[in-house]
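> Before I ask anything, here is the structure I am working with.
The values are calculated or read from the model by the stated rules, or taken from the named source; none is laboratory data. What you are looking at is a predicted structure, and each value in this text was computed from that prediction instead of being measured. Here the Cβ positions follow ideal geometry from the backbone for every residue, glycine too, while neighbour counts run over all protein chains shown. Please note that ligands, DNA and RNA were not included when accessible areas were found on the heavy atoms of the full protein model with its side chains. Shrake-Rupley method; radii C 1.70, N 1.55, O 1.52, S 1.80 Å.
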Amino acid sequence: MADVFVTYKREDTERVAKIVKALRADGFDVWWDHGIGGGAQWRKEVAAQLEAARTVVAVWSKQSVQSEWVIEEAEHGKRKGILCPIMIEPVRPPIGFTGLQACDLTNWRGRRYDPKWKHVRESLRALLERRPVPEPPATTRISQLIAFAKRAAAAVAFVAAVAGGLQQFGIYDVSTLISPKATAEKTREWAALRLTKDCARVKAYISADPGGPFAKEAEALLAGHRAVRRSAWVPLEQSLPAFGVSPVSATGSRAAACASARAAALEGARENCGLFESNGARRGFEATLNDRECECQDALGKWQCSVRTVARCVGEQRREIVREICGG
């Protein structure tokens, strides 16, 4: 079963895709209906995934708060006590959901070190572990960084005062304790970089400014790096030949016979694309046909057409991803 089932409105697909990407980057197994076909089979698949999901994320927007499907799926999560509402626009949730605390991702730019995203991540983990959901962050990322910079500046001033006294009595050289380059701007930049825990960025920081005020701390973070392994679903595309022919008995115009041939080619491609799926390793393969002209002939006064083309099988494959982490 998936850790997270995402219910949303189609008009919000682009913004919801960022949420899904960030969730998977944080190790959650996410299911959403992007890429699967429509019709009765679609509803059956959605219902099965919703029932099996361990948590339900309802993405509230101007469109989704008016969607019967989204509200119905959110209500299912609410009844089971596994609903995590996320607000991507400043809207009032539907009746029955106004009392639930929603994670605020309005104006979120997709950064996983943003306190807003941290609240989403911790809320989902709390639901998965059946713990109380944490309170939302009281301050924004910018205000937190400013507060951190002020504390760091105060600490720098204190160290400078102590080091100055030690140097005056010949006990310690102040230059080994503090660098005059530790400006408020550099402190804010380093604070933001640390939040990413990105070893590549830490290396780049050291290379760009090896004598910088936080170079030693950066080297310590790099020395204590660790590898984090996780499984994630990544896009996978395969191509294979596709062929379809309309029946000789088909009546109607040449266009109708051509459409019948294309439908047969697509049906065969769907069956062949399904062969790429494997238990737990690949999923969600859908077939599309490259555009090709039909070859038609008049058979006993009736049209018969055939299509030879290439089918694109697009789905997902589970991969083990290793990420180097620098920082706690």
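> Being surrounded by 13 or more Cβ atoms within 10 Å (Cβ to Cβ) and either in contact (Cβ under 8 Å) with a residue 12 or more places away in the chain or out of contact with any helix residue (DSSP H, G or I) (no Cβ under 7 Å at 6 or more places or on another chain) (or both) is the filter here; which residues of segment 201-215 pass it?
To start, the set of residues in segment 201-215 that are surrounded by 13 or more Cβ atoms within 10 Å (Cβ to Cβ) comprises 201-206, 209, 212-215.
Selection gives V202, K203, A204, Y205, I206, G212, P213, F214.
> With (1) over 30 Å from D29 (Cα atoms); (2) at pLDDT 85 or above; (3) among the hydrophobic types (A, V, I, L, M, F, W, C) as the list, and L240 as the residue in question, which single condition is left unmet?
Failing condition for L240: (1).
> Scan segment 319-326 and give yes if some residue there is assigned to a loop (DSSP other than H, G, I, E, B), touching a strand residue (DSSP E or B) at 6+ places or on another chain (Cβ under 9 Å) and closer than 30 Å to L222 by Cβ, otherwise no. Outline the logic, then answer.
Within segment 319-326, the subset assigned to a loop (DSSP other than H, G, I, E, B) is 326.
Narrowing further to those that are touching a strand residue (DSSP E or B) at 6+ places or on another chain (Cβ under 9 Å): 326.
Within this subset, residues satisfying the condition of being closer than 30 Å to L222 by Cβ are 326.
Within segment 319-326, one or more residues are assigned to a loop (DSSP other than H, G, I, E, B), touching a strand residue (DSSP E or B) at 6+ places or on another chain (Cβ under 9 Å) and closer than 30 Å to L222 by Cβ.
> Tell me, which residue of segment 22-68 that is aromatic (F, W, Y) and open to solvent by 20 Å² or more (accessible area, probe 1.4 Å) is modelled with the lowest pLDDT? Give the steps one after another, and end with the answer.
Within segment 22-68, the subset aromatic (F, W, Y) is 28, 31-32, 42, 60.
Imposing the further condition that a residue be open to solvent by 20 Å² or more (accessible area, probe 1.4 Å) reduces the set to 31-32, 42.
On the way: W31: 93, W32: 91, W42: 73.
Among them, the one singled out is W42.
> Continuing with this model, one more query. R312 fails exactly one of the following numbered conditions: (1) charged (D, E, K, R); (2) part of a loop (DSSP other than H, G, I, E, B); (3) in contact with an Asp or Glu (Cβ under 7 Å, 6 or more places away or on another chain). What is the number of that condition?
Answer for R312: the failing condition is (2).
> Need the failing condition index for E135 against (1) within 13 Å of A22 (Cβ to Cβ); (2) at pLDDT below 95, just the number.
(1)
> OK, next. Quick one: is E75 in a loop (DSSP other than H, G, I, E, B), within 17 Å of Y8 (Cβ to Cβ) and acidic (D, E)?
Details: in a loop (DSSP other than H, G, I, E, B): no; within 17 Å of Y8 (Cβ to Cβ): yes; acidic (D, E): yes.
Judged against the criteria, E75 is not a match.
> Take the residues in segment 84-126 that are part of a helix (DSSP H, G or I) and free of Cβ contacts under 8 Å to residues at least 12 places away in the same chain, then tell me which one is nearest to V16 (Cα to Cα). Reasoning before the result, please.
Our first condition is that a residue be part of a helix (DSSP H, G or I); within segment 84-126, this holds for 115-126.
Add one more test, that the residue is free of Cβ contacts under 8 Å to residues at least 12 places away in the same chain, and what stays is 125-126.
On the way: R125: 19, A126: 21 Å.
Restricting to residues being part of a helix (DSSP H, G or I) and free of Cβ contacts under 8 Å to residues at least 12 places away in the same chain, the top hit is R125.
> What do you reckon, is V245 more than 30 Å from W31 (Cβ to Cβ) and open to solvent by less than 70 Å² (accessible area, probe 1.4 Å)?
Yes.
> Could you pull out the residue among E237, E286 that is touching a Gly at 6+ places or on another chain (Cβ under 7 Å), open to solvent by 60 Å² or more (accessible area, probe 1.4 Å), within 30 Å of E45 (Cβ to Cβ) and part of a strand (DSSP E or B)?
E286
> Going through segment 216-234 one residue at a time, which ones are under 22 Å from A17 (Cα atoms) and open to solvent by 40 Å² or more (accessible area, probe 1.4 Å)?
To start, the set of residues in segment 216-234 that are under 22 Å from A17 (Cα atoms) comprises 230-234.
Across segment 216-234, the qualifying residues are R230, S231.
> So, in segment 97-112, of the ones that are of a type outside the set (S, T, N, Q) and open to solvent by less than 40 Å² (accessible area, probe 1.4 Å), which residue ends up farthest from Q66 (Cα to Cα)? Spell out the reasoning first.
The initial filter retains those residues of segment 97-112 that are of a type outside the set (S, T, N, Q), namely 97, 99-100, 102-105, 108-112.
Subset that is open to solvent by less than 40 Å² (accessible area, probe 1.4 Å): 97, 102-103, 105, 108, 110.
Working: F97: 13, A102: 17, C103: 19, L105: 19, W108: 22, G110: 25 Å.
The selected residue is G110.
> Does at least one position in segment 256-274 carry a residue that is in contact (Cβ under 8 Å) with a residue 12 or more places away in the chain, exposed (fewer than 15 other Cβ atoms within 10 Å of the Cβ), over 23 Å from the mean Cα position of the chain (by Cα) and assigned to a loop (DSSP other than H, G, I, E, B)?
no
> While we're looking at this one, here's another question. With at pLDDT 90 or above and open to solvent by 70 Å² or more (accessible area, probe 1.4 Å) as the only criterion, which of R121, R125 stands out? Please lay out each step first, then the result.
Numbers: R121 fails: open to solvent by 70 Å² or more (accessible area, probe 1.4 Å).
Among R121, R125, only R125 is at pLDDT 90 or above and open to solvent by 70 Å² or more (accessible area, probe 1.4 Å).
> Out of R194, R188, R229, R201, report the one residue that is in a strand (DSSP E or B) and charged (D, E, K, R).
On the way: R194 fails: in a strand (DSSP E or B); R188 fails: in a strand (DSSP E or B); R201 fails: in a strand (DSSP E or B).
Exactly one residue qualifies, and that residue is R229.
> A follow-up question, please. Given (1) in contact with a Phe, Trp or Tyr (Cβ under 8 Å, 6 or more places away or on another chain); (2) farther than 26 Å from T196 by Cα, where does Q101 come up short, assuming only one miss?
Unmet condition: (1).
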